[in-house]
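Enquirer: Shown below is the structure under consideration.
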Amino acid sequence: MDTSSNNTASRRDFLRTSLLVGSALAAPALMSERLVAGQRSDTLHVGLIGCGERGSGAASQALNADPNVVLTAMGDAFENRLQSSLENLQKAHPDQVKVTPGQCFVGLDAYQKVIASGVDVVLLATPPGFRPVHLKAAVDAGKHAYCEKPMATDAPGVRSVLASVKAAKAKNLSLVAGFFLRYSDRNREFYQRIHAGTIGDLRAVYGRHYSFPVRSMAPAVDRPAGMGDLEWQMSNWYNFTWLSGDGYVEAACHSVDRVGWALKDQSPLKAVAVGGRQTPNHQGNIFDHMFVVYEFPDDVRAFVGHRQTAHCYVDSSDELIGTTGFGKFPTFGSFAPFIKGKDSWHYQGPDLDFEGVERVAKRKAENSPDQRPKTNPWQNQQDQLFASIRNGKPINDGEWMANSTLMAIMGRMAAYTGQEVTWEQALNSQEKLVPEHLDWNMKLDIAPMAVPGITKLI
């Protein structure tokens with residue numbers, strides 16, 4: 001295989017040069033009439049799209065990020081989810097939640113109504129199958145965005161995201177990715193040392209996402225009377241590839257993203273994988289275990305193991321092997337990142353900690369002292385997003401977030417088909433998982449579970 005410098009550079013820089021993202025979008029910088037960059041006295045209005053646990057957490061952290069931020073609009077496909085989120089956010093941030101009944105939007109078009117409601121910033125936290133459409137709508141409307149991971153569930157979605165990334169840059173909009181581990185100071189210090197050559201040339205990365213069981217789904221006979229196919233699948237979204245991308249894409253994507261980070265976000269040449277489904281799934285069509293081997297230029301390898309089954313070993317750490325040393329990186333757990341080699345290093349700062357919106361609401365209701373963690377990467381994301389808007393220096397995570405998303409999709413494609421998949425095949429894939437048009441009354445058949453060796457690469 002040709003691994004010349006020209007070929008390697010073209011692969012590494014695909015996000016900047018791909019013809020698939022379309023022509024350059026010439027547009028003036030867009031700002032809300034209420035907001036002039038650098039004027040901290042102006043209030044920023046935030047809209048939340050997707051009111052589940054992660055969306056609610058992102059909204060809470062956005063309100064913590066800046067005293068002059070208010071939440072003014074919320075949207076979700078389901079009324080009960082929106083109202084539960086609103087109640088918790090009101091308890092946690094009584095002075096900053098300004099969402100009136102008329103600014104609560106429910107349904108498949110709720111995202112459009114939130115974007116059109118006069119907000120400056122949107123938080124995109126629906127199931128990832130919807131992310132490309134929602135991001136495009138936000139950028140087209142000139143909104144700054146927080147975009148949860150992963151950014152798509154298929155290659156056409158990634159290509160749409162790439163076009164939105166380019167448009168956001170042209171409009172000087174901030175776009176912060178939901179790969180929160182990149183916003184931890186301890187993690188940044190670790191990878192800075194890796195990139196500086198502390199363990200020599202990186203030769204291999206082993207990422208683990210050995211986690212808890214796939215979210216349970218009731219058998220079809222338990223579907224409530226009158227509930228249509230779309231509502232049923234959206235209510236159990238993690239179990240369907242078009243909505244979640246598979247557990248490997250939706251959850252193990254953090255491990256995949258750290259592989260990309262370690263390798264300076266260059267694109268892999270190709271991938272092979274094994275995987276399948278061990279636990280009965282009733283109706284869903286995702287695997288519950290997968291192991292992907294990525295080949296990078298210069299014979300570098302990355303291995304990502306993913307498993308979500310009960311009563312099994314749990315681990316989410318990474319191991320990095322270089323020519324002169326070794327590094328280990330934990331996502332959570334009792335040990336801190338460390339490096340062994342000529343210049344050994346062990347992280348000495350505070351560990352990661354998190355405080356969700358429910359915990360904030362409970363603490364405030366009990367009038368407990370503020371125990372907000374000092375090193376919460378989710379909070380850091382929002383702090384840096386809003387600071388970038390205030391100072392007029394946009395953050396755009398779009399290139400590497402799309403790279404990591406496509407790496408995960410590429411691994412799933414290799415596991416589902418049993419074939420070796422190249423980067424170009426993944427990027428140019430015409431397999432479109434997400435239906436073009438959605439309607440609550442539509443018939444939406446469930447795609448069969450993939451069978452390696454039989455399922456085709458499209």
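The values are calculated or read from the model by the stated rules, or taken from the named source; none is laboratory data. This structure is a prediction, so every number in the text was calculated from the model and none was measured. Cβ atoms come from the backbone with ideal geometry, glycine included; neighbour counts cover every protein chain shown.
Enquirer: In region 157-186, which residues are assigned to a helix (DSSP H, G or I), at pLDDT below 95, more than 21 Å from residue 408 (Cα to Cα) and not basic (Lys, Arg)?
Expert: Selection gives 185 alone.
Enquirer: Considering only region 249-303, how many residues are in contact with a Pro (Cβ under 6 Å, 6 or more places away or on another chain) and either of a type in the set (Phe, Trp, Tyr) or not assigned by TED's automatic domain parsing to the domain that holds residue 419 (or both)?
Expert: Result for region 249-303: 2.
Enquirer: Of everything in region 189-214, what is crowded, with 16+ Cβ neighbours inside 10 Å and assigned to a helix (DSSP H, G or I)? Give them in sequence order.
Expert: 190, 191, 193, 194
Enquirer: Moving on to the next point. Counting only residues that are touching an Asp or Glu at 6+ places or on another chain (Cβ under 8 Å) and either farther than 30 Å from residue 71 by Cα or at pLDDT 95 or above (or both), give me the helices (runs of 4 or more DSSP H) lying completely in region 373-458 with at least 2 of them.
Expert: 377-391, 398-417
Enquirer: For the condition assigned by TED's automatic domain parsing to the domain that holds residue 178, among the hydrophobic types (A, V, I, L, M, F, W, C) and touching a residue at least 24 places away in the same chain (Cβ under 8 Å), what is the one hit in 389, 409?
Expert: Working: 409 fails: assigned by TED's automatic domain parsing to the domain that holds residue 178.
So the residue among 389, 409 that is assigned by TED's automatic domain parsing to the domain that holds residue 178, among the hydrophobic types (A, V, I, L, M, F, W, C) and touching a residue at least 24 places away in the same chain (Cβ under 8 Å) is 389.
Enquirer: Regarding residue 367, is this residue out of contact with any strand residue (DSSP E or B) (no Cβ under 8 Å at 6 or more places or on another chain), at positive phi and at pLDDT below 90? Don't jump to the end; show me each part of the working.
Expert: Working: out of contact with any strand residue (DSSP E or B) (no Cβ under 8 Å at 6 or more places or on another chain): yes; at positive phi: yes; at pLDDT below 90: yes.
Criteria met by residue 367.
Enquirer: Looking at (1) in contact with a Gly (Cβ under 9 Å, 6 or more places away or on another chain); (2) under 29 Å from residue 431 (Cα atoms); (3) among the β-branched types (Val, Ile, Thr), which one does residue 198 not meet, given that it meets all the others?
Expert: Single failed check for residue 198: (2).
Enquirer: Same structure, new question: So, restricting to strands (runs of 3 or more DSSP E) that lie completely within region 90-151, which ones have at least 1 residues that are touching a residue at least 40 places away in the same chain (Cβ under 8 Å)?
Expert: On the way: elements: 104-106, 121-124, 144-147.
Qualifying strands (runs of 3 or more DSSP E): 121-124, 144-147.
Enquirer: Suppose the filter is under 29 Å from residue 185 (Cα atoms), of a type in the set (A, V, I, L, M, F, W, C) and part of a loop (DSSP other than H, G, I, E, B); does residue 336 pass it?
Expert: On the way: under 29 Å from residue 185 (Cα atoms): yes; of a type in the set (A, V, I, L, M, F, W, C): yes; part of a loop (DSSP other than H, G, I, E, B): yes.
Yes.
Here's the yes/no breakdown for (1) buried (at least 21 other Cβ atoms within 10 Å of the Cβ); (2) at pLDDT below 95; (3) on the phi > 0 side of the Ramachandran plot; (4) not polar (S, T, N, Q):
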site: 216; (1), (2), (3), (4): no, yes, no, no
site: 250; (1), (2), (3), (4): yes, no, no, yes
site: 265; (1), (2), (3), (4): no, no, yes, yes
site: 280; (1), (2), (3), (4): no, yes, no, yes
site: 284; (1), (2), (3), (4): yes, yes, no, yes
site: 296; (1), (2), (3), (4): yes, no, no, yes
site: 307; (1), (2), (3), (4): yes, no, no, yes
site: 311; (1), (2), (3), (4): no, yes, yes, yes
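Enquirer: So for region 240-262 (the condition being farther than 18 Å from residue 149 by Cβ and in contact (Cβ under 8 Å) with a residue 24 or more places away in the chain), does at least one residue qualify?
Expert: no
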